[in-house]
1. Please compute the Kirkwood hydrodynamic radius over the range 110-174, one decimal place, Å, based on all pairs of different Cα atoms.
2. Using a Förster distance of 22 Å, how high is the FRET efficiency between A205 and L155, based on the Cβ-Cβ distance and rounded to 0.05?
3. Hey, what D do you get for the chain in µm²/s if you plug the Kirkwood alpha-carbon radius into Stokes-Einstein at 10 °C and 1.306 mPa s?
4. Put +1 on the Cβ of each Lys and Arg and -1 on the Cβ of each Asp and Glu in the range 100-205; which of G144, L113, A159 then has its Cα farthest toward the positive end of the dipole?
5. Using packing as a proxy for protection, rank 136-144, 223-231 so that the peptide with the highest average count of other Cβ atoms within 10 Å comes first.
6. Using label points projected 7 Å from each Cα along Cα→Cβ, tell me how many nm separate Q12 and D254, to one decimal.
7. Treating the beta-carbon of each Lys and Arg as +1 and of each Asp and Glu as -1, no other charges, what is the dipole magnitude of the chain about its Cα centre, to the nearest 20 debye?
8. Write down the radius of gyration of the range 105-260 and its Dmax, each obtained from C-alpha positions, in Å.
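No lab work stands behind these numbers, since they all come straight from the coordinates. This is a predicted model, so every value here is computed, not measured. No Cβ is skipped: glycine too gets one built from the backbone with ideal geometry, and neighbour counts run over all protein chains shown.
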Amino acid sequence: MYATERQQQIEQLIATDGRVAVVDLADRFGVTTETVRRDLAALERSGVVRRVHGGAVHRTRASTAEASVAERASQRSGSKQTIARAAVDLLGEELDGALYLDAGTTTGAIAQLLATGPHPAGDLEVVTHSMSVAHILAGAQGIGLTAIGGRVRGLTAAAVGAQTVEAIGRLRPDIAFIGTNGVAAGFGLSTPDPDEAAVKRAIVASARRVVVVADGDKFDAELLVSFASLSDVDVLLTDTAPTGDLAGALREADVEVQLA
């Protein structure tokens with residue numbers, strides 16, 4: 001396949017999904033990651049995409065691109081499972097109390113592990129506003145479950161709105177696992193939707209300990225709405241070591257980075 005043909009297909013994928021990953025494209029086309037990066041550089045010069053850590057997003061949708069839960073479930077699933085296992089290990093060491101699980105596919109993977117495997121000794125109470133997470137944990141042996149209600153946003157299957165934010169504000173969970181669409185040095189944690197951002201902001205403010213679970217594709221991405229600064233984060237659980245400005249900003253904010 002010629003480079004121009006490959007770039008046209010990459011452009012179509014970005015137009016459809018809003019985001020592509022270098023590793024996934026290399027596997028798809030049977031080329032090296034360096035070749036994919038050259039393709040993305042060419043597309044960026046033409047004004048079609050904006051490169052971010054580990055991939056690229058559509059330039060016209062850079063701050064608002066958002067895939068559905070079903071679409072995201074198949075993206076980097078191996079990395080999400082690895083991060084989820086590390087999260088459960090962290091939970092086993094640190095918690096006998098209340099856990100808040102944010103909406104998202106990585107937190108969904110954590111819920112699946114909690115539902116099907118051993119969980120921390122003692123009384124574990126899980127709180128979530130995610131309908132997907134609540135469905136996974138409903139009836140799980142040895143786990144208490146509290147579902148926060150509100151208007152359910154179809155794209156993410158998560159409750160949002162003033163009612164949801166108010167309910168979360170009355171909680172004080174021991175630890176919260178937070179998902180994010182972007183982690184950037186200056187902009188902090190961000191997501192495309194203002195309603196989702198308001199809920200995440202409330203979770204961060206309420207939790208005694210905030211653990212962000214995010215794969216390396218989220219690094220250096222800045223979505224429409226920032227919901228927390230890096231200084232609000234206690235631990236970043238990820239599959240890729242941050243580099244450059246982000247690595248420096250995480251150190252300055254005293255965020256503990258744990259590689260899964």
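1. Mean inverse Cα-Cα distance, inverted, gives 12.5 Å.
2. The calculated FRET efficiency here is 0.40.
3. Value of D from the Cα-based Kirkwood radius: 85 µm²/s.
4. Ranked along the dipole, the leading option is A159.
5. Taking the mean over residues of other Cβ atoms within 10 Å, the ranking is 223-231, 136-144.
6. Calculated label separation equals 5.2 nm.
7. 600
8. Computed over the Cα atoms of the range 105-260, radius of gyration and Dmax are 15.2, 44 Å.
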